[in-house]
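K.L.:
Here's a structure for you.
The values are calculated or read from the model by the stated rules, or taken from the named source; none is laboratory data. Predicted model, so just to flag it, every value in this text is computed and none were measured. Here the Cβ positions follow ideal geometry from the backbone for every residue, glycine too, while neighbour counts run over all protein chains shown. Side chains are part of the model used for accessible areas, which takes the heavy atoms of the whole protein and leaves out ligands, DNA and RNA. Shrake-Rupley method; radii C 1.70, N 1.55, O 1.52, S 1.80 Å.
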Amino acid sequence: MADENEEGASSSGVAPSTEPAATATATPGRSGRFFLFNTVVEKFLQELMEAGSYQRFARCYRQFYKIQPEITRKIHNHFISTLQSTIMAEIQEIKDEGNLEALLDSLDKLEREAGSKTDLQWRPSGIPEEDVRSHLVPYLLQQREYLCRILKKKEQENARLAQSVLAGREKIDEMRREIERRQQAWQNLSRSQRELIVSIQGPREEI
């Protein structure tokens with residue numbers, strides 16, 4: 001008799017939850033990737049709730065169901081409600097953290113804009129070496145041009161620094177020569193002074 005009551009209670013499929021079922025927040029009349037994402041989420045929740053039906057729940061806890069069928073249904077309702085709210089909260093957190101609505105809308109916009117273009121777009125040739133070369137060569141040429149500009153700038157700076165060093169060395173040599181001239185002039189002056197003193201002191205000694 002208890003098994004018959006179980007089958008009767010479970011024939012209705014999913015028991016109504018004590019809280020409203022969480023569904024995807026799709027905007028009426030809206031299309032696009034975000035709408036498709038919400039539709040997939042809603043379908044996933046429906047299938048998940050069907051997988052956790054009251055019938056299967058009662059079969060898993062058959063002995064408890066036979067003793068307390070009403071308590072069993074309340075436990076199942078609470079379980080389904082908590083499961084729905086938890087899953088929807090996690091999905092909403094993923095949407096917020098990943099900014100999915102804005103990203104998916106931007107993809108829809110790019111697709112609409114690309115639909116009006118008639119020029120040919122790049123497609124793989126089927127030969128990986130050529131595909132890689134076609135992408136890497138322009139980039140490498142651009143990098144080489146950039147490095148050449150940097151090298152030329154550094155060479156110009158080094159040339160200016162070399163000129164400054166040469167000018168400094170010439171100035172130092174000029175200062176050294178000036179010091180030598182002054183030293184020589186000082187020595188000549190000192191020698192002349194000594195000779196003058198000697199010439200003056202000599203006649204005094206004769207007197």
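K.L.:
Kindly indicate whether any position in segment 145-164 is aliphatic (A, V, I, L, M) and not in a helix (DSSP H, G or I). Even if it seems obvious, please write down each step before you answer.
P.N.:
Let us first name the residues in segment 145-164 that are aliphatic (A, V, I, L, M), namely 147, 150-151, 159, 161-162.
Still in the list and also not in a helix (DSSP H, G or I): none.
Within segment 145-164 (the criterion being aliphatic (A, V, I, L, M) and not in a helix (DSSP H, G or I)), the answer is no, since none of the residues qualifies.
K.L.:
Can I ask one more? Within segment 115-140, how many residues are open to solvent by 80 Å² or more (accessible area, probe 1.4 Å), in a helix (DSSP H, G or I) and either at pLDDT below 80 or closer than 30 Å to F34 by Cα (or both)?
P.N.:
1
K.L.:
Could I ask something else about it? Within the set of pairs 6 or more residues apart or between chains, which connect a residue that is over 12 Å from F34 (Cβ atoms) inside segment 102-114 to a residue that is among the charged types (D, E, K, R) and assigned to a helix (DSSP H, G or I) with Cβ atoms less than 8 Å apart?
P.N.:
none
K.L.:
Got a sec? Which helices (runs of 4 or more DSSP H) wholly within segment 54-114 have at least 3 residues that are modelled with pLDDT of 85 or more, aliphatic (A, V, I, L, M) and open to solvent by less than 40 Å² (accessible area, probe 1.4 Å)?
P.N.:
Numbers: elements: 54-60, 62-67, 69-98.
In segment 54-114, the matching helices (runs of 4 or more DSSP H) lie at 69-98.
K.L.:
Out of (1) under 20 Å from V40 (Cα atoms); (2) in contact (Cβ under 8 Å) with a residue 40 or more places away in the chain, the odd one out for R62 is which?
P.N.:
The failed condition is (1).
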